[in-house]
Amino acid sequence: MYEILAKEDLAPVTKLYEVRAPAVARKAQPGQFVIVRLSQEGERIPLTIADYDRERGTITLVVQEVGKTTMEMGTLSVGDQLASFTGPLGLPSEIKNYGTVLCVGGGVGIAPIYPIARDLKEAGSTVVSIIGARNKDLLFWEDKMRTVSDELIVCTDDGSYARKALVTIPLKEMLESGRPIEHIWAIGPAIMMKFCALTTQPFGVHTVVSLNSIMVDGTGMCGACRVEVGGQTRFVCVDGPEFDAHQVDWDQLLARQRIYPEQEKLAVEIWQHQHRCDG
Ligand code: FES
């Protein structure tokens, strides 16, 4: 069993969990993910690793409550146990000294971009980060991002904090400035990553995204997570989750993310009903 050692509200429906998982923490690297089950009969949910502490043997996850299992996870407390915690899964980010890199994190994507930015900076890269959220309440880890970035640009869609802009605006300005940018990471909602890809493509700067497709086994066997990249079928769980943003078939990815809206809605309604009855 995997004990929750710390829990923190980062935003109204976004929570941080620090989980004791020494074997996973020993090997975890930026860019990888875990698959979690709350109970033995529970749904398997993929969650990107936001941080790890090898000495304490812990993994930090930042979870947005978007479905039945993530909402149920939100009811757990410090001291509760997760039934399974499989990982680290997927390929790690390719970290090295690139020169100047841009790290773009949108919404809950700020969490996985953090360890990437940190390790890029440790490897000698100059890290310019852009983080954004829909509004001030949804923004988190500004201080943490500042500590691992040579420059940090913060924006909100509605202007309730910092600059009023989508992250693609400062991204485009940075590229138009002519400043040499060698590499870009962009992580966030699929639609944000799609528009980051469209923004950077004309400038020809290699751009990496971390895809969040539907997953079941997480080991390359079920095919649930398949995406088209460069005209080929790839599995996000074993070939990714990071891919060349300019090669991803974004329309197919977005369509596949919307395959089960009725089932997801029903699962939430049933769980909320049971949760109210139990409470
Ligand atoms: S989740 Fe089953 S193949 Fe990737």
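The values are calculated or read from the model by the stated rules, or taken from the named source; none is laboratory data. The model shown is predicted, which means the values in this text are computed figures rather than measured ones. Positions of Cβ are generated from backbone atoms using ideal geometry, with glycine treated the same way; all protein chains shown enter the neighbour counts.
The table that follows gives values for the structure above.
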read-out	value
Elements of type strands (runs of 3 or more DSSP E) in segment 4-101, at least 1 residues being without any contact (Cβ under 8 Å) to a residue 60 or more places away in the chain and not β-branched (Val, Ile, Thr)	14-20, 33-37, 45-53, 58-64
Residue satisfying condition, being at pLDDT 95 or above and either under 19 Å from VAL63 (Cβ atoms) or away from the ligand (no atom under 16 Å from the Cβ) (or both), within set ALA197, ALA190	ALA197
Within segment 209-228, considering residues that are away from the ligand (no atom under 13 Å from the Cβ) and buried (at least 22 other Cβ atoms within 10 Å of the Cβ), the one nearest to LEU171 (Cα to Cα)	VAL209
Condition broken by ALA165, with the remaining ones in (1) within 16 Å of the ligand (Cβ to nearest atom); (2) more than 21 Å from GLN32 (Cα to Cα); (3) among the aliphatic types (A, V, I, L, M) satisfied	(1)
Every residue from segment 173-189 that is farther than 15 Å from THR100 by Cα and crowded, with 18+ Cβ neighbours inside 10 Å	ILE187, GLY188
In segment 229-257, the residues that are among the basic types (Lys, Arg) and either loosely packed, with under 11 Cβ neighbours inside 10 Å or closer than 18 Å to THR207 by Cβ (or both)	ARG234
Residue in segment 189-196 that is of a type in the set (Gly, Ala, Ser) and in contact with a Ser or Thr (Cβ under 9 Å, 6 or more places away or on another chain) present	yes
Where a residue in segment 181-201 is free of Cβ contacts under 8 Å to residues at least 60 places away in the same chain and its partner, wherever it lies, is part of a helix (DSSP H, G or I) and basic (Lys, Arg), with Cβ under 8 Å and at least six apart	THR199/LYS172
